[in-house]
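Remarks on the structure that follows.
Every number here is computed from the coordinates shown, using simple stated rules; none is lab data. The model shown is predicted, which means the values in this text are computed figures rather than measured ones. No Cβ is skipped: glycine too gets one built from the backbone with ideal geometry, and neighbour counts run over all protein chains shown.
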Amino acid sequence: MSDLSHIRNFSIIAHIDHGKSTLADRFIQMCGGLTEREMNAQVLDSMDLERERGITIKAHSVTLYYKAKDGNTYQLNFIDTPGHVDFTYEVSRSLAACEGALLVVDAGQGVEAQSVANCYTAIEQGLEVMPVLNKMDLPQADPDKVKDEIEHIIGIDATDAVACSAKSGMGVDDVLERLVAVIPAPTGEIDAPLQALIIDSWFDNYLGVVSLVRVRHGRIKKGDKVLVKSTGKVHQVDSVGVFNPKHTSTADLKAGEVGFIIAGIKDIHGAPVGDTLTLSNTPDVEMLPGFKRVKPQVYAGLFPVSSDDFEDFREALQKLTLNDAALQYEPESSDALGFGFRIGFLGMLHMEIIQERLEREYDLDLITTAPTVVYELLLKNGETVYVDSPSKLPDLSSIEDMREPIVRANILVPQEHLGSVITLCIEKRGVQHDLQFLGSQVQVRYDLPMSEVVLDFFDRLKSVSRGYASLDYSFERFQSANLTRLDILINGDKVDALALIVHRDNAHYKGRILVEKMKELIPRQMFDVAIQAALGGQIVARSTVKALRKNVLAKCYGGDVSRKRKLLEKQKAGKKRMKQVGNVEIPQEAFLAVLKVDS
Ligand SMILES: Nc1nc2c(ncn2[C@@H]2O[C@H](COP(=O)(O)OP(=O)(O)OP(=O)(O)O)[C@@H](O)[C@H]2O)c(=O)[nH]1
């Protein structure tokens, strides 16, 4: 038996922007992990894109040594969690490695839905949750009100919540003191056979697959032969270590600790997240409970603007999936757009991030089709099939029942904005589940069609509540719905990549708005462009983009050459994200016009 009493494994649960990264950076600074200069950038958000958007996506960990006032030095393993609603599944993964979690709440803002959902996950997983009130330096900080909210909305005791300002550093040492006092030390047997849980795996260009693990029992060191339980494969360990936050090799990783393992594994599927590791001579060690597999919620087709880029696109996707197990794709061909891929995403933010990475890191110009959710169909022949693309919808006469995914949305909103939130939920075909007044906030739960939620619900919710409402949601069930396919015709030809699955009740309306929106988005060409919406064989709406009368260059009549060239170049740049469909040029925005139908 060896002593694990000096170890603390914890995560930080916080709603987006409540200060999780800032607080973590303070911890690193106070525990001497980095020099001032290295602290410049927020170290935990390591991907460029993450930093730009200011959100945390990938779970990472940091090991720090804290000398507490009791004279002992504690090993603090901080496991980072993402804050956005698209990435909630990664939170439960990080929490599985911890004994406790800090619930960081912005003392000016109060409790928001995301913190509630993540906090429940932590409590369900048996973690000690320790409330922290952050941003106490702000004049609008109201600690008593926020404590009250923590007790009423989340239901945990907040009497002893520590108040701090991650920005100024005030109270941060109190947070650390309390952390070592209330978060339990891990338990485990160092002399037992190795049993370690893979929390995350990612692909590093130099090191290959790196896995973040939590060792439950035993120890692991360089040279060990490690067995991946689910694949049955054995690999030799090249190195083990921790992030402090720089990647640092250590002699071993022991029961209770969190760190990385590199073992010459070629791709992340060889070290699946949630899997159990043991040594090759103790193959009978039990599997640890893993994680719920994440399923994509939203599918969209992505097509290269230039068909020459198809192979590069395939390669880029292969590389991206090395680091993103949630990303799924399969080839798709479209009459209008040619060859591309149908890609599954966790949500719209995930979709935007992937699209941006493909364009930025791999220099691809892509057209994205309107995102859709997965529908469940019962066919007349008794078969159940799942459809993730309007173009794959079988002939309506062969379908017995069409079912759409329904989510349970949990919304927290201050009373004065409740009315507009309810109006929005009704507009989105929501059915109220319950409503509770909790202090100055209201918690309202709605069952909503996922198709209405994934597109622009979050943005609409923020705008109708002036930014005060917050949202969390999860899949609930499939439910019969009166659905149909809405086709879009351009100059009389059906464009498969523009088809949509819509609710029959508002199909006419959607069709009308959609052709109007597209008319604004499709640039004028040398001829009239007719845009039509059709249900079955019947045209339900039509608009026309009138032909361009004059040549644009005519404007430069008599002008100098450089001006002319500039104009041509401008046109070329504008064309980048256009796709020639038949003889009509359609810009990216027109493919996504459906996202703008409601706003
Ligand atoms: N005034 C004040 N601002 C703070 C404090 N802590 C964080 N902030 C600011 O709040 C904003 C969000 O902080 P982050 O640490 O990035 O928030 P986060 O919770 O990590 O957000 P995600 O990484 O997006 O989940 C930043 O602009 C911080 O500078 C604080 O104690 N006081």
Once fully extended, how much extra length lies between Asp160 and Ala251, figured as 0.36 nm per residue of separation less the alpha-carbon to alpha-carbon distance? 28.9 nm
Can you work out the FRET efficiency for the pair Glu516 and Gln140, with r the C-beta to C-beta distance and R0 = 60 Å, to the nearest 0.05? 0.90
Can you give the calculated 222 nm mean residue ellipticity of the chain, where each DSSP H run of n ≥ 4 adds -39,500 (n - 2.57) and the sum is split over every residue, rounded to the nearest 500 deg cm²/dmol? -7500 deg cm²/dmol
What's the Kirkwood radius of segment 283-405 in Å, using all Cα pairs? 16.2 Å
Cα-based helix-to-principal-axis angle, 348-361 vs the chain, degrees rounded to 10: 90 degrees
Please state the shape class of segment 461-547: rounded when a/c is under 1.5, otherwise prolate if a/b exceeds b/c and oblate if not, all from the C-alpha gyration tensor. oblate
Taking R0 as 35 Å, what's the FRET efficiency between Asp363 and Ala530 from their Cβ-Cβ distance, rounded to 0.05? 0.50
On a 27 Å Cα-Cα criterion, which of the cross-link pairs Lys494/Lys517; Lys266/Lys392; Lys295/Lys428; Lys221/Lys319 come out too long? Lys266/Lys392; Lys221/Lys319
Plugging the Cβ-Cβ distance of Ser306 and Leu435 into 1/(1 + (r/R0)^6) at R0 = 60 Å yields, to the nearest 0.05, a FRET efficiency of 0.70
Gain in length, Asp174 to Asn491, computed as 0.36 nm per residue apart minus the alpha-carbon separation, to one decimal in nm? 107.3 nm
Residue-span extension gain [Glu356 to Glu427] - 0.36 nm each, minus C-alpha spacing: 22.5 nm
Taking a crude spin-label model, label points 7 Å out from Cα along the C-beta direction, the Phe339 to Glu585 distance in nm is 2.6 nm
Given axes a ≥ b ≥ c from the Cα gyration tensor, I'd like to know whether segment 157-222 is rounded (a/c under 1.5), prolate (a/b larger than b/c) or oblate. oblate
Answer rounded, prolate or oblate for segment 195-279, using the Cα gyration tensor with square roots of eigenvalues a ≥ b ≥ c: rounded when a/c is under 1.5, else prolate when a/b is larger than b/c, else oblate. rounded
As I understand it, the dipole of the chain uses +1 on the Cβ of Lys and Arg and -1 on the Cβ of Asp and Glu, about the Cα centre. Which of Gly100, Val172, Thr81 lies farthest toward its positive end? Thr81
In µm²/s, what is D for the chain at 20 °C and 1.002 mPa s, where D = kT/(6 pi eta Rh) by Stokes-Einstein and Rh is the Kirkwood radius from Cα pairs? 81 µm²/s
Give me the aspartates and glutamates in straight-line cross-link reach of Lys69: C-alpha distance below 16 Å, same-chain residues under 8 apart excluded. Asp173, Asp174, Glu177
